[in-house]
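Trainee: The structure under discussion is supplied below as structure tokens; questions concerning it will follow.
The values are calculated or read from the model by the stated rules, or taken from the named source; none is laboratory data. Computed from a prediction, not measured in an experiment: that's the story for all the values here. No Cβ is skipped: glycine too gets one built from the backbone with ideal geometry, and neighbour counts run over all protein chains shown.
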Amino acid sequence: MPKPTALAIGAHPDDIEFLMAGTLVLLQRAGYEIHYQTLANGCHGSQEYGPRQLARIRLGEARRAAKVLGAHFHPPFVNDMEIFYDLKLIRRVAAVIREVQPTIVLTHPPVDYMEDHTNTCRVVVSAAFTHAMPNFQSLPPRPTADYDLTIYHCIPHSMRDPLRRLAPPEIFVNITSTQPVKRRALLEHKSQMAWLVASQGMDSFDAKIEADARRLGKRSRRFKLAEGWSRHLHYGFSAREVDPLRAVLGRQCALNRAYQKLLDDGRRAQSRG
């Protein structure tokens, strides 16, 4: 059985900080080794720098952010807008997963406002599915290990799907104590401040992450600041249904009662089936 390890995989530099970092740091405080991976290098997110210069800048920013979080850093594979669901990228992500052997994988949701995010989710899910599949070759080759792996999906941007419908999480995680670390890590991405103001009308990093965390905290009815997660179906990833995030973080997690009711209604309908 591998040691407790959590791997956060985002599409672009700063996605982990915006959506996942508070929970990642909580896991580290609970004894987990934590890892930081983005699939794209962030080379298109600027109106000031060219793609090669920006990729170099953002690589340095991401490394520094991972250091602030206390996470092991893994370099990106492709350019922005080039995250596609293809075999080579699945093999490369599979190699990282086999090397790290995470028991928890944090990544994007199956639906989000842009394809880099949704394709990251698809690639990560497929790569993780092969973690105990010796006949599937990773790139570079890495040995497989048969153990329970659980995937958690963060909330989509603004907690809405691409058709603007509300997409609330299954689990709220209390990040009140880790928000300062999350903020410091996000502020390492200085090259993105002007870009997000221009492209998304964002006033500031501070205002955005504070507003998002407060909104989720209010929805939890328990926490001041929160991140949101939904657990992937366990078939093919673990021998049984497990929920290590809640098991490890305990009272720092709260179930979304409305989401849980939908799950329970579905199970009852299936049993009657």
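Trainee: Restricting to segment 132-168, count the residues that are assigned to a loop (DSSP other than H, G, I, E, B), within 21 Å of residue 230 (Cα to Cα) and touching a Pro at 6+ places or on another chain (Cβ under 9 Å).
Mentor: Our first condition is that a residue be assigned to a loop (DSSP other than H, G, I, E, B); within segment 132-168, this holds for 132-149, 155-156, 161-165, 167-168.
Those still in the list that are within 21 Å of residue 230 (Cα to Cα) too: 147-149, 155-156, 161-165, 167-168.
Next cut, touching a Pro at 6+ places or on another chain (Cβ under 9 Å) only: 147-149, 155-156, 161-162, 167.
Number satisfying all stated conditions: 8.
Trainee: Would you call residue 56 in contact with a strand residue (DSSP E or B) (Cβ under 6 Å, 6 or more places away or on another chain) and assigned to a helix (DSSP H, G or I)?
Mentor: Working: in contact with a strand residue (DSSP E or B) (Cβ under 6 Å, 6 or more places away or on another chain): no; assigned to a helix (DSSP H, G or I): yes.
No.
Trainee: If a residue must be farther than 13 Å from residue 232 by Cβ, modelled with pLDDT of 95 or more and hydrophobic (A, V, I, L, M, F, W, C), how many such residues does segment 128-162 contain?
Mentor: 6
Trainee: Restricting attention to segment 214-245, and to residues there that are touching a Ser or Thr at 6+ places or on another chain (Cβ under 8 Å) and closer than 14 Å to residue 22 by Cβ, which single residue is surrounded by the fewest Cβ atoms within 10 Å (Cβ to Cβ)? Give the steps one after another, and end with the answer.
Mentor: To start, the set of residues in segment 214-245 that are touching a Ser or Thr at 6+ places or on another chain (Cβ under 8 Å) comprises 217, 223-227, 229, 231-232, 234, 237-238, 242-245.
Restricting the remaining residues to those that are closer than 14 Å to residue 22 by Cβ gives 217, 223-227, 229, 245.
On the way: 217: 20, 223: 21, 224: 14, 225: 24, 226: 29, 227: 31, 229: 24, 245: 23.
If we take residues in segment 214-245 being touching a Ser or Thr at 6+ places or on another chain (Cβ under 8 Å) and closer than 14 Å to residue 22 by Cβ, then 224 is surrounded by the fewest Cβ atoms within 10 Å (Cβ to Cβ).
Trainee: Evaluate the following for residue 48: is it touching a Lys or Arg at 6+ places or on another chain (Cβ under 8 Å) and either surrounded by fewer than 17 Cβ atoms within 10 Å (Cβ to Cβ) or over 26 Å from residue 149 (Cβ atoms) (or both)? Before you say what the answer is, go through the steps one by one.
Mentor: Working: touching a Lys or Arg at 6+ places or on another chain (Cβ under 8 Å): no; either surrounded by fewer than 17 Cβ atoms within 10 Å (Cβ to Cβ) or over 26 Å from residue 149 (Cβ atoms) (or both): yes.
The answer is no for residue 48.
Trainee: Can you confirm whether segment 246-260 contains a residue that is of a type outside the set (Lys, Arg), surrounded by 14 or more Cβ atoms within 10 Å (Cβ to Cβ), part of a loop (DSSP other than H, G, I, E, B) and at negative phi?
Mentor: Just the residues of segment 246-260 that are of a type outside the set (Lys, Arg), to begin with: 247-250, 252-256, 258-260.
Restricting the remaining residues to those that are surrounded by 14 or more Cβ atoms within 10 Å (Cβ to Cβ) gives 248-249, 252-256, 259.
From the residues that got through so far, the ones that are part of a loop (DSSP other than H, G, I, E, B) too are 256.
Right, trim to at negative phi and you get 256.
Yes, segment 246-260 has at least one match.
Trainee: Something else: Show the residue pairs that are 6+ apart or on different chains and have beta-carbon atoms under 8 Å apart, the first residue being within segment 219-244 and at positive phi and in a loop (DSSP other than H, G, I, E, B), the second being buried (at least 18 other Cβ atoms within 10 Å of the Cβ) and among the aromatic types (Phe, Trp, Tyr).
Mentor: Pairs found: 236/129.
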